[in-house]
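S.K.: There's a structure below that I have some questions on.
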Amino acid sequence: TNFSKEYKDNKTFWEVSNNPEMITLKPTLGCVANCLHCNPRSKKFDNEHIMSFSEYETLFEDFKRLGVKQVCISGGEPLLYKDINNMVHKLSSLGIAVTLNTNGWLLTKKVLDELINSGLVGVNVSIDSPYPDVHNKLRGLNGLFEKTVGQLKECKESNNDFVLNIRMILSRYTYK
């Protein structure tokens, strides 16, 4: 498939004349959490719809031709995607900055080091409340807050240069 041609021919992205500079990819909607706010969780997700890494390689070449400058890998939980390091490496080797959205459950220092060595420049970790019980309830996973904060403390010890962002989902459950 020539994704660049389809982009131009189909006039996607609301008929804009410029090419996209940033794209968010969701290689899997699978997740270890069961968040109250997460729309993808309401869909019946199966592994039949996961693209192969070779399909992504073709897509990434098209991103480069389109002039994409940044890709944020999201999900579900993108650390469940088996080729995440290869994905980061391929994108970064094309000169595309790569960031990652995660809930932090699987983000160990070892995983982070491998991702950074593959070219990752930033990590966005979801923390929806400063109160562990509230965060865990919103995310539907007991112990998530404590584990994520613990993982982040370990990752802080990394000598690698990367940007760490803490994000929250603003919803009817968190707006107060």
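The values are calculated or read from the model by the stated rules, or taken from the named source; none is laboratory data. Keep in mind the model is a prediction, meaning the values are calculated, not measured. Neighbour counts run over all protein chains shown; Cβ positions are idealised from the backbone, glycine included. Just the protein is used for accessible areas: all its heavy atoms, side chains included, with ligands, DNA and RNA removed. Shrake-Rupley method; radii C 1.70, N 1.55, O 1.52, S 1.80 Å.
S.K.: Given 25 °C and 0.890 mPa s, compute D for region 57-176 with the Stokes-Einstein relation, Rh being the Kirkwood radius over Cα pairs; round to the nearest whole µm²/s.
M.R.: My calculation gives 162 µm²/s for D.
S.K.: Compute the length gained on full extension between residue 26 and residue 111: take 0.36 nm times their separation in residues and subtract their Cα-Cα distance, giving the result in nm to one decimal. Don't skip to the answer; put the middle values down first.
M.R.: Details: separation 85, 0.36 × 85 = 30.60 nm, distance 1.85 nm.
Length gained, residue 26 through residue 111: 28.7 nm.
S.K.: How much of the accessible area of region 59-176, probe 1.4 Å, is carbon plus sulfur, in whole percent?
M.R.: On the way: 3140 of 5960 Å².
Of the solvent-accessible surface of region 59-176, carbon and sulfur hold 53 percent.
S.K.: Further question on the same structure: Can you work out the PRE-style zone for residue 163? Point 7 Å along Cα to Cβ, and I want the residues of region 99-125 with backbone N under 16 Å.
M.R.: Answer for this model: 99-102, 116, 119-125.
S.K.: Oh, and also: Starting from 0.36 nm per residue, how many nanometres of slack lie between residue 86 and residue 174 once their C-alpha separation is accounted for?
M.R.: 28.2 nm
S.K.: Among 110/176; 147/176; 64/147, which pairs are too far apart, with a Cα-Cα distance over 30 Å?
M.R.: 110/176; 64/147
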